[in-house]
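The values are calculated or read from the model by the stated rules, or taken from the named source; none is laboratory data. Model, not experiment: these values are computed from the prediction. Because the Cβ atoms are built from the backbone with ideal geometry, glycine has one as well, and the counts that use them run over all protein chains shown.
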Amino acid sequence: MRTLPVLLLVALALPANAEVVSGQAHAVDGDTFVLNDNHVRLAGIDAPELDQTCQRDGQAWACGEEAKRQLDSMIAGQTVYCQGEGVDQYGRLLGTCSATRMNLNATMVEYGWATAYRAYSDDYLAQEHRARSAKAGIWRLQFAFEATPGSGERSEQTTCYKSPSAQKEEALLVSMRHQGEPQ
């Protein structure tokens, strides 16, 4: 009987959308999954859209599908726990989630399959910096996040790191320019 008053106090101390959910999940894309028939969006991160492509060695590559595969591999067969932080404009629970004691939000950014979503949080900037420095995941590719007008989404297109073929092309152009200069 003593646990009931304690549970009531804990419930009253949490914001209305701060529900804790857990169970088996499967990825919808690189920052969203279905858990107990509810869509959950990993708060504070942004992964490529499922149909988004990035440039790898001058070729289109399905980085959105790869981000989904990476998230799915982290949650497959695991119990996923999410601390709700609110609900987004699409009715998805926004949450900080974990599986096998691994913070999924931070890990997706650290491994380079998502970016810190600066418009909403600065929680994952350190992980993004490490991923960029290591050229992990999408940071070894050429990619862009495009804004959807009026959506509250990113308002600018950002290209990060040139593909290896673009780097070689640039190095060749610089080399050719220097060959014609007097020493």
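Does any residue in the stretch 40-63 that is farther than 21 Å from residue 99 by Cβ come within less than 7 Å, Cβ to Cβ, of a residue that is buried (at least 19 other Cβ atoms within 10 Å of the Cβ) and hydroxyl-bearing (Ser, Thr, Tyr) six or more places away or on a different chain, and which pairs are these?
From the stretch 40-63, the pairs are 55/163; 56/163; 57/163; 58/163.
Failed condition for residue 66, given (1) surrounded by fewer than 16 Cβ atoms within 10 Å (Cβ to Cβ); (2) of a type in the set (Asp, Glu); (3) part of a helix (DSSP H, G or I), with all others met?
For residue 66, the failing item is (1).
Being within 20 Å of residue 136 (Cα to Cα) and touching a strand residue (DSSP E or B) at 6+ places or on another chain (Cβ under 8 Å) narrows it down to one residue among 93, 104; which is it? Steps first, please.
On the way: 93 fails: within 20 Å of residue 136 (Cα to Cα).
Just a single option satisfies the conditions, and that option is 104.
Among the residues of the stretch 94-126 satisfying the criterion of being modelled with pLDDT of 95 or more and aromatic (Phe, Trp, Tyr), which is surrounded by the fewest Cβ atoms within 10 Å (Cβ to Cβ)?
111
Confirm whether residue 84 is under 18 Å from the mean Cα position of the chain (by Cα), outside any loop (DSSP other than H, G, I, E, B) and in contact (Cβ under 8 Å) with a residue 40 or more places away in the chain. Write out each step before concluding.
On the way: under 18 Å from the mean Cα position of the chain (by Cα): yes; outside any loop (DSSP other than H, G, I, E, B): yes; in contact (Cβ under 8 Å) with a residue 40 or more places away in the chain: yes.
Yes; evaluated as a whole, the condition is true for this residue.
Please specify each residue of the stretch 127-142 satisfying the condition of being surrounded by fewer than 22 Cβ atoms within 10 Å (Cβ to Cβ), of a type in the set (A, V, I, L, M, F, W, C) and within 17 Å of residue 64 (Cα to Cα).
Correct list: 136, 139.
Could you identify the single residue in 72, 46 that is surrounded by 22 or more Cβ atoms within 10 Å (Cβ to Cβ), among the acidic types (Asp, Glu) and either under 21 Å from residue 136 (Cβ atoms) or at pLDDT below 95 (or both)? Spell out the reasoning first.
Details: 72 fails: surrounded by 22 or more Cβ atoms within 10 Å (Cβ to Cβ).
From the options 72, 46, the qualifying one is 46.
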